[in-house]
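S.K.: Have a look at the structure that comes next, please.
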Amino acid sequence: MKKEKILIVGAGLSGLYSAVLLQDLYDVEVLEARERTGGRILAIGGHDMGPSWVWGHQKNILQLIQTLGLELFSQNIKGLSVYDAPEGVQKFKAPVGAASYRIKGGLPQLISALEKRLHTPVRLNEKVISLAQSEEKIVLKTVSAYHEADKVIITLPPRLAIESIAYSPALSSSLVSQLQHIATWMGYAAKCVVEYSEAFWREEGLSGFGVSHLGPLGEIHDACTEDKAALFGFVHSYAKFDNFEEAVIGQLTRLYGKRAANPLAVYVVDWKKEQFTSTTLDHTPLKEHPSYGFEATHMDGKVLFAGTESALREGGYLEGAVVSAIKLAKSL
Ligand SMILES: Cc1cc2nc3c(=O)[nH]c(=O)nc-3n(C[C@H](O)[C@H](O)[C@H](O)COP(=O)(O)OP(=O)(O)OC[C@H]3O[C@@H](n4cnc5c(N)ncnc54)[C@H](O)[C@@H]3O)c2cc1C
């Protein structure tokens, strides 16, 4: 018997894992707007520029990492932290929080391991523009082609799903309002990684963790990989400097001493500027982690909305993306 055709929109963690879970029962294809897979998971120069961490209580992502044969290592927290106070730098012993872990080789390892398991390769550069119901089928239009499916799964951040895709019949105003209120997790963030030849802060008894209200970086962490020394920081939302790179190096030198003055490279990704992640509504920083989780369908249940923000547990996080894919696979 011919399998039902399912098109998955978005090749982030939710979309790819959904495809892996569904592909034995359905004829599955993934359409991705960018020229790369991974969505908010991205590495440049071997450094994670999107997510870095998973935590010990996040059972589903940990299970997936193990199943895919990937290895974890602990975030470095050994040593004192620094506080970038207006009256001078202060060193302090940060309270020990929940242990966090990173994937050896970076988070894109997770994406490429999932992609290797796909029966059909992801279709890149296929930004979905519209969905229309046509008798029993859904006709999906991208920038370069038309596709037909029995069901469509949308794994975009909810605000993007309503702003960038046209629906015929149109979404109800209550669904539009519901999805519009769901902020894209980290859609306002910018991350900066500064690479060095050595992790000199470790030699000086510092963990690499720092907090600053002066900026440009607000929260700084050790970002060393197996073969590279680095610090990373989230850029303050109000950071406006004529020469951003110079200001960051100046700040790190203030905090970690003169060995910080000569980095090998500085990488920055401003997620607000990523048209396939963030909407203008997402540019305002969130004061806290929103309570995520929703269920939404359209076109007689043939179009399903998923993605990390749809997960009731750990929504917004990588764990939420995995939970969303598992929930979706069980519901079909
Ligand atoms: C700076 C930063 C730091 C983070 N830190 C952490 C962390 O340490 N730990 C953690 O657990 N989580 C963290 N997160 C969150 C984590 O990245 C997300 O939870 C996860 O990657 C979301 O996966 P997703 O598949 O649901 O969504 P996405 O990754 O956003 O995937 C959606 C996909 O849809 C594609 N797309 C968009 N529009 C279209 C269209 N019209 N047509 C086709 N495709 C389209 C996108 O290109 C993308 O590939 C962080 C995120 C950022 C940005």
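The values are calculated or read from the model by the stated rules, or taken from the named source; none is laboratory data. Quantities reported herein were computed from a predicted structural model and do not represent experimental measurements. Positions of Cβ are generated from backbone atoms using ideal geometry, with glycine treated the same way; all protein chains shown enter the neighbour counts.
S.K.: Here is a check on your reading of the model: is residue 199 among the aliphatic types (A, V, I, L, M), within 16 Å of residue 255 (Cα to Cα), outside the structural domain of residue 14 (by TED's automatic domain parsing) and surrounded by fewer than 23 Cβ atoms within 10 Å (Cβ to Cβ)?
M.R.: Yes; evaluated as a whole, the condition is true for this residue.
S.K.: Is it true that some residue in segment 74-83 is within 16 Å of the ligand (Cβ to nearest atom), without any contact (Cβ under 8 Å) to a residue 40 or more places away in the chain and part of a strand (DSSP E or B)?
M.R.: Within segment 74-83, one or more residues are within 16 Å of the ligand (Cβ to nearest atom), without any contact (Cβ under 8 Å) to a residue 40 or more places away in the chain and part of a strand (DSSP E or B).
S.K.: Here is a list of conditions, (1) in a helix (DSSP H, G or I); (2) within 11 Å of the ligand (Cβ to nearest atom); (3) without any contact (Cβ under 8 Å) to a residue 60 or more places away in the chain; (4) of a type in the set (A, V, I, L, M), and residue 129 meets all of them except one; can you say which number that is?
M.R.: (1)
S.K.: Across segment 188-213, what is the number of residues that are touching a residue at least 12 places away in the same chain (Cβ under 8 Å) and either touching a Phe, Trp or Tyr at 6+ places or on another chain (Cβ under 6 Å) or outside any loop (DSSP other than H, G, I, E, B) (or both)?
M.R.: Count: 18.
S.K.: Right, here's the next one. Does residue 105 satisfy being outside the structural domain of residue 319 (by TED's automatic domain parsing) and under 18 Å from the mean Cα position of the chain (by Cα)? Walk me through it before giving the result.
M.R.: On the way: outside the structural domain of residue 319 (by TED's automatic domain parsing): yes; under 18 Å from the mean Cα position of the chain (by Cα): yes.
Considered against the rule, which asks whether it is outside the structural domain of residue 319 (by TED's automatic domain parsing) and under 18 Å from the mean Cα position of the chain (by Cα), residue 105 comes out as yes.
S.K.: Based on this model, can you work out whether residue 24 counts as within 11 Å of the ligand (Cβ to nearest atom) and either surrounded by fewer than 19 Cβ atoms within 10 Å (Cβ to Cβ) or within 30 Å of residue 159 (Cβ to Cβ) (or both)?
M.R.: Working: within 11 Å of the ligand (Cβ to nearest atom): no; either surrounded by fewer than 19 Cβ atoms within 10 Å (Cβ to Cβ) or within 30 Å of residue 159 (Cβ to Cβ) (or both): yes.
In short, no.
S.K.: If a residue must be surrounded by 14 or more Cβ atoms within 10 Å (Cβ to Cβ) and assigned to a loop (DSSP other than H, G, I, E, B), how many such residues does segment 141-169 contain?
M.R.: Adding up the residues that qualify gives 6.
S.K.: Please identify the pairs in which a residue from segment 247-267 that is of a type in the set (Phe, Trp, Tyr) has its Cβ atom under 7 Å from the Cβ atom of a residue that is assigned to a loop (DSSP other than H, G, I, E, B), counting only partners at least 6 apart or on another chain.
M.R.: So the pair list comes out as 267/45; 267/49.
S.K.: Taking segment 170-187 only, how many residues are over 23 Å from the mean Cα position of the chain (by Cα) and assigned to a loop (DSSP other than H, G, I, E, B)?
M.R.: The total comes to 3.
S.K.: Return the only residue of 138, 61, 65 being crowded, with 19+ Cβ neighbours inside 10 Å, away from the ligand (no atom under 11 Å from the Cβ) and not assigned by TED's automatic domain parsing to the domain that holds residue 323.
M.R.: On the way: 138 fails: not assigned by TED's automatic domain parsing to the domain that holds residue 323; 61 fails: away from the ligand (no atom under 11 Å from the Cβ).
Just a single option satisfies the conditions, and that option is 65.
S.K.: Would you point out which residue out of 270, 222, 282 is more than 30 Å from residue 156 (Cβ to Cβ), within 16 Å of the ligand (Cβ to nearest atom), touching a residue at least 12 places away in the same chain (Cβ under 8 Å) and not aromatic (Phe, Trp, Tyr)?
M.R.: Only one candidate qualifies: 222.
S.K.: Do we have any residue at all in segment 108-125 that's closer than 23 Å to residue 332 by Cα, assigned to a loop (DSSP other than H, G, I, E, B) and more than 22 Å from the chain's Cα centre (by Cα)?
M.R.: Yes, that holds for at least one residue.
S.K.: Report the residue count in segment 84-107 for those that are closer than 14 Å to residue 220 by Cβ and surrounded by 16 or more Cβ atoms within 10 Å (Cβ to Cβ).
M.R.: 1
S.K.: In segment 170-195, how many residues are of a type in the set (Gly, Ala, Ser), in contact with a strand residue (DSSP E or B) (Cβ under 9 Å, 6 or more places away or on another chain) and crowded, with 20+ Cβ neighbours inside 10 Å?
M.R.: Adding up the residues that qualify gives 2.
S.K.: Return the residues of segment 250-267 that are under 27 Å from residue 105 (Cβ atoms) and in a helix (DSSP H, G or I); say none if nothing qualifies.
M.R.: 252, 256, 259, 260
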